[in-house]
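Since the structure comes first, as structure tokens, the remarks are kept for the end.
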Amino acid sequence: MAIIDFFDRGRRINPRGVAYRDAVSTWTFDQAGAMSCRIAHALLAAGARTETKVAVLSPNDSLAWICVLGLWRAGAAWVPLNPSHPVDDNVVLINRLDVEILFYAPALADQVERMRSRLPGIKTWVALGAGTGDPALADWTAGHPDISPAVRYEMDDVVAIAPTGGTTGRPKGVMNTHRSFSTMVAHQMMALTYPADAPIVNLAAAPMTHTSGLFSLQASARGGTVVVVPGATPDHVLDAIEEHGVTEMFLPPTAVYRLLERLDQRPADTTTLRYLMYAAAPMSVEKLRQGIERLGPVFIECYGQMEAPAAISFLRPDEHLIDGEIAPPARLSSCGRPYPLVTVAIIDPETGAMVGPGVTGEICVRGDLLMKGYYKDPDRTAEAIVDGWLHTGDLGNMDEAGYLHLTDRSRDVIISGGFNVYPGEVEQVLWGHPAVRDCAVVGAPHDDWGEVVTAVVELNAGAEVDGAELIALCRQRLGPIRAPKQVFFVDQLPRSPNGKVLKKDVRAGFWADRGTRI
């Protein structure tokens, strides 16, 4: 299937039903579909062809997402831009990915003006509303047909070029296709099941330029409603659940933590919630346990990366329980089992051989979920995909029952005195302390050991704990080798716009005078 076919499936099921709703607008499937067709025809008239790069710069907004549908309908490739990124970063990205057409929100007109002279490759600028000096979308699409253009799709055509998260270095342009995105949506539809005729209301609270937009597609494919809110603040989320009867949503772990904190202060009716997908970063087992106690068995873990988008493995809500009780940490800390349409193997990075249950190696993936490659970067593509296997760069193991356990990014492993220390194991212990809001464990330089295990900790508001107590807790749980030797406290850890803790930035603070530790 072409990726636009999923929306069209939902339109056939529920043509007059609400497809998208935000604070200022409501779109039925027929209205959103017709607008996406007009956008597609306007793009073709402007010279867009198969895999032409089209960027959308907007905060969460229904019309901005309909532009994504329109460019897919025209056969173009979506370049997602996050408006919270620095202007200079977006300029580099737009130029490096050869963007030719840019849609933008009028509220970001000042950003656009600061970029315009530095983007010689942009041939067409379109504002989502009036008053910017560029054509407004309504005028730009006026007179174009509201039926789908006759565009031929091949399954390996590129439909999105997305930057990697940038947590381990300079972002790369990941090329995903109809094939890889369709596999992703199929996986999500397998994971999120509903009784016939049950209402489906998806909440897009995290940036739609990232996982939240992609995770809305399975709801649209079923004729469900996508409620779009400006951000994943606890009050936005809780208001939407109560007002619209949200049944599914995606939040990164940090947003889940804030939501749980807010629920302690503001009771809310969350009984309509069926699925809370968490992904993008490891989840604290202790906070996951608290979430299940507060919200019930609604959590679903989704492990993936843009190179294998969002759908390598999943831990179903019922798998968070064993015999009706919350499962032990060994289960809750897992990434679940692989989805049906991929093959996952653990491979020894040194020998290239597959390893047995419980043995740590690199997580490798094969199947239709895989990206086509990195844009204009054949060397990095060849390093990442070897003999059909995507080498994720993540370390982990598979247990006897087939559950995948993510240990760490291969670049995050700390080698201290000749011993490998996996930061994720240490972070899980620290997250379990009631005073700890979030943390990052990195290797800092040490003259004798090479690296020393170092914890950087963000505390809950009003909480107090000293470093010695946290070190003692880790020594008790993990032993002396893996326990931090030093703890630093910060008001706020550095994070990407998608909520990931930027370990490279944390690590860089310790290595600034010693050369960057790669």
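The values are calculated or read from the model by the stated rules, or taken from the named source; none is laboratory data. Small disclaimer: the values here were computed from a predicted structure and weren't measured. Backbone-built Cβ (ideal geometry, glycine too); neighbour counts: all protein chains shown.
Residues in the range 363-396 that are at pLDDT 95 or above, part of a strand (DSSP E or B) and closer than 21 Å to Ala281 by Cα: Ile363, Cys364, Val365, Leu390, His391. Only a single criterion out of (1) surrounded by fewer than 24 Cβ atoms within 10 Å (Cβ to Cβ); (2) without any contact (Cβ under 8 Å) to a residue 60 or more places away in the chain; (3) under 18 Å from Pro207 (Cα atoms) is not satisfied by Ala281, namely (2). In the condition set (1) within 16 Å of Ser58 (Cβ to Cβ); (2) within 24 Å of the chain's Cα centre (by Cα); (3) modelled with pLDDT under 95, Gly131 is compliant with all but (2). Would you be able to say whether some residue in the range 287-305 is free of Cβ contacts under 8 Å to residues at least 40 places away in the same chain, at positive phi and in a loop (DSSP other than H, G, I, E, B)? Within the range 287-305, one or more residues are free of Cβ contacts under 8 Å to residues at least 40 places away in the same chain, at positive phi and in a loop (DSSP other than H, G, I, E, B).
Every condition in (1) touching a Leu at 6+ places or on another chain (Cβ under 7 Å); (2) of a type in the set (D, E, K, R); (3) part of a strand (DSSP E or B) is met by Glu425 except one, and the failing one is (3). Of the residues Pro494, Pro434, the single one that is within 28 Å of the chain's Cα centre (by Cα) and either farther than 30 Å from Pro83 by Cα or in contact (Cβ under 8 Å) with a residue 24 or more places away in the chain (or both) is Pro434. Only a single item in (1) surrounded by fewer than 16 Cβ atoms within 10 Å (Cβ to Cβ); (2) closer than 24 Å to Asp156 by Cβ is not met by Gly358, and it is number (2). Give the residues of the range 397-422 that are in contact (Cβ under 8 Å) with a residue 60 or more places away in the chain, part of a strand (DSSP E or B) and over 23 Å from Ser284 (Cα atoms), sorted by residue number. Answer for the range 397-422, where residues must be in contact (Cβ under 8 Å) with a residue 60 or more places away in the chain, part of a strand (DSSP E or B) and over 23 Å from Ser284 (Cα atoms): Ser416, Phe419. Cβ-Cβ distances below 9 Å connect the following pairs, each with a first residue in the range 446-459 that is surrounded by fewer than 20 Cβ atoms within 10 Å (Cβ to Cβ), a second residue that is of a type in the set (Asp, Glu) and not in a strand (DSSP E or B), and a separation of six or more residues or different chains: Glu458/Asp491; Leu459/Asp491.
Can you confirm whether Ser334 is under 20 Å from the mean Cα position of the chain (by Cα), in a loop (DSSP other than H, G, I, E, B) and not acidic (Asp, Glu)? For Ser334, the condition - under 20 Å from the mean Cα position of the chain (by Cα), in a loop (DSSP other than H, G, I, E, B) and not acidic (Asp, Glu) - is met. Among residues of the range 383-396 being crowded, with 19+ Cβ neighbours inside 10 Å and out of contact with any Lys or Arg (no Cβ under 8 Å at 6 or more places or on another chain), the one that is nearest to Gly358 (Cα to Cα) is Gly396.
Restricting attention to the range 233-263, the residues being more than 20 Å from Pro297 (Cβ to Cβ), free of Cβ contacts under 8 Å to residues at least 60 places away in the same chain and not polar (S, T, N, Q) number 9.
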